[in-house]
1. Per 0.36 nm of contour for each residue apart, how much would the distance between Ala143 and Glu41 grow if the chain were fully extended, relative to their Cα-Cα spacing?
2. Would you please give the FRET efficiency between Asp18 and Asn256, computed as 1/(1 + (r/R0)^6) with r the Cβ-Cβ distance and R0 = 30 Å, to the nearest 0.05?
3. Please find, in a Gaussian network model of the chain (springs between Cα atoms separated by less than 10 Å), the residue of Arg40, Arg162, Arg186 whose mean-square fluctuation is greatest.
4. Grab the DSSP H runs of the chain that are 4 residues or longer, score each as -39,500 (n - 2.57), total them, divide by all residues and round the 222 nm result to the nearest 500 deg cm²/dmol.
5. Highest GNM mean-square fluctuation, the chain, Cα pairs closer than 10 Å: which of Cys228, Cys67, Cys103?
6. Across 10 Å bins from the origin, how do the percents of Cα pairs in the chain run, short distances first?
7. Equivalent-ellipsoid semi-axes (√(5λ), Cα gyration tensor) for region 14-56, whole Å, largest first?
8. Please identify, among Arg125, Arg22, Arg191, the residue showing maximal mean-square fluctuation in a Gaussian network model of the chain using a 10 angstrom Cα cutoff.
Amino acid sequence: MRTQDAGHRAAAVAAIADRDYRRAGDEYTRAGWRVLSDPREGIEPFSADEKGWVGDGLQYLATSAVCYRVAGADTRATRRGVEGVAVVKELTNGLEHPVQHACLKEFVGDFRTVAGLDDVEAAYREAESAYKDAGSAVDNPQAWGTTPLFEAAATLIQQVARGPANGEIALPWEDLHGTDPDEPGRFLAQRAVVKRQRFPSLVQQVITDGFLAAPRGTTEYDTDHHRCPHCGSTDVNWVAESVVCLRCSRPTAETN
């Protein structure tokens, strides 16, 4: 079990498959609020949590803003961005480790980016500095990078990047991090550098295209049991409770 989203994430993915991005935004919003209020059994949002399960809630809120912007509901996206920045700052009262605080600053940059707010570059540069400052308190940066908080922040940009990349993984974990884990601060700071350089243009691309891909789940290529009725692809993505085309994220159909 991951976090307790009451089924709203699955509903959001189904809405993306239907190209109903306004509804997807609503469902991601509900998933975000649900997880932020009660992340996981035994986990409270304002208590110390080395895993940072509350990150899923931040990811869902930020994803809702992208959905709203693709749907042309820019005002609602702006509200999600403003709300997200406020929530992130409040969560510093619970998450204790300096590297978690740096990740929260990274989320500030994310919310500013997805909502089209000002000071995106400054937010990511602040996160980059915070990661470098936290480096002396980090023994294993790879372990931190695979906790739910950090994975949530990575999943956001990876989902946005999938559409322009024909459904493939355009930004693997390795590209989001530095090359030398023996320098933990710089290793993790690369996340903020990559986002500062690439995330705003990726968000703008999905808005221009009018297409946000579903998140990537379990995939299978060149199947003999599914074919997309919309684009003809036989590549499949099983994610949440949906079975969608890996390429266009629409519902795919069984062939036998």
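Every number in this text was worked out from the coordinates using simple rules, so none of it is lab data. What you see is a predicted model, and the numbers here were worked out from it, not measured in a lab. Cβ: placed from backbone, ideal geometry, glycine included. Neighbour counts: every protein chain shown.
1. Full-extension gain reported as 34.5 nm.
2. 0.80
3. Arg40
4. Calculated from helices alone, the mean residue ellipticity at 222 nm is -18000 deg cm²/dmol.
5. The residue with the greatest mean-square fluctuation here is Cys228.
6. 8, 32, 36, 19, 4, 0
7. 27, 9, 7
8. Arg125
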